[in-house]
Amino acid sequence: MLEGKNNMVRQSATTRGRKEGPNRYDLQYLRDLSGDDTEFIKEIIQMFVNDAPVLLKQAIVYHKNENLTLLKASVHRMKSSVKMMGDVPLAELIERIESHCLGVTIEENMPTLMMQLNKDLTQLVQELNVAVKQL
């Protein structure tokens, strides 16, 4: 999705954490990265809003089909972008799913994790759809 921009994306967004408040997102990283360029921020958010539901649908199908290789690839693609949007708890959930797919950890409740991914990512996309209009 938005991976590979640079390693700073991964490190900075991970350590920043989501601000306390009613929103799942924190666009401070995008503001810092762009020099507060509103058009750039809108473009990045719109790319995320367009890509995330597709990746989520793929992840759900791969989980249902027990294809851990493709599930890992799908959630890995969304992880950096979720971090860029400042939703650290969602990024941590994605990392748990990815770790399970790699065999590093065994998650007994993968169906629950996938339902939480669906709920949280859908909520993030909805919130960002509103936010992009307010920028």
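The values are calculated or read from the model by the stated rules, or taken from the named source; none is laboratory data. Just so you know, these numbers come straight off a predicted model, no measurement behind them. Virtual Cβ from ideal backbone geometry, glycine too; neighbours counted across all protein chains shown.
Taking region 30-72 on its own, how many of its residues are in a helix (DSSP H, G or I), of a type outside the set (A, V, I, L, M, F, W, C) and more than 18 Å from Asn129 (Cα to Cα)?
So in region 30-72, the residues in a helix (DSSP H, G or I) come out as 30-34, 38-64, 68-72.
With of a type outside the set (A, V, I, L, M, F, W, C) added as a condition, the list becomes 31-32, 34, 38-39, 42-43, 46, 50-51, 53, 57-58, 62-64, 69, 72.
Pick out the ones that are also more than 18 Å from Asn129 (Cα to Cα) and you get 32, 34, 57-58, 62-64, 69, 72.
Adding up the residues that qualify gives 9.
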Notebook entry, point to check: So, of the residues in region 83-129 that are of a type in the set (A, V, I, L, M), at pLDDT 95 or above and over 10 Å from the mean Cα position of the chain (by Cα), which turns out to be farthest from Lys72 (Cα to Cα)?
Noted result: Leu128
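Say whether the condition of being part of a helix (DSSP H, G or I), free of Cβ contacts under 8 Å to residues at least 60 places away in the same chain and touching a Ser or Thr at 6+ places or on another chain (Cβ under 7 Å) is met by at least one residue in region 98-119.
Residues of region 98-119 part of a helix (DSSP H, G or I): 98-102, 110-119.
In the following step, the residues that additionally are free of Cβ contacts under 8 Å to residues at least 60 places away in the same chain were identified as 98-102, 110-116, 119.
Add one more test, that the residue is touching a Ser or Thr at 6+ places or on another chain (Cβ under 7 Å), and what stays is 99.
Yes - at least one qualifying residue is present in region 98-119.
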Notebook entry, point to check: Could you say whether any residue in region 19-42 is at pLDDT below 95 and β-branched (Val, Ile, Thr)?
Noted result: no
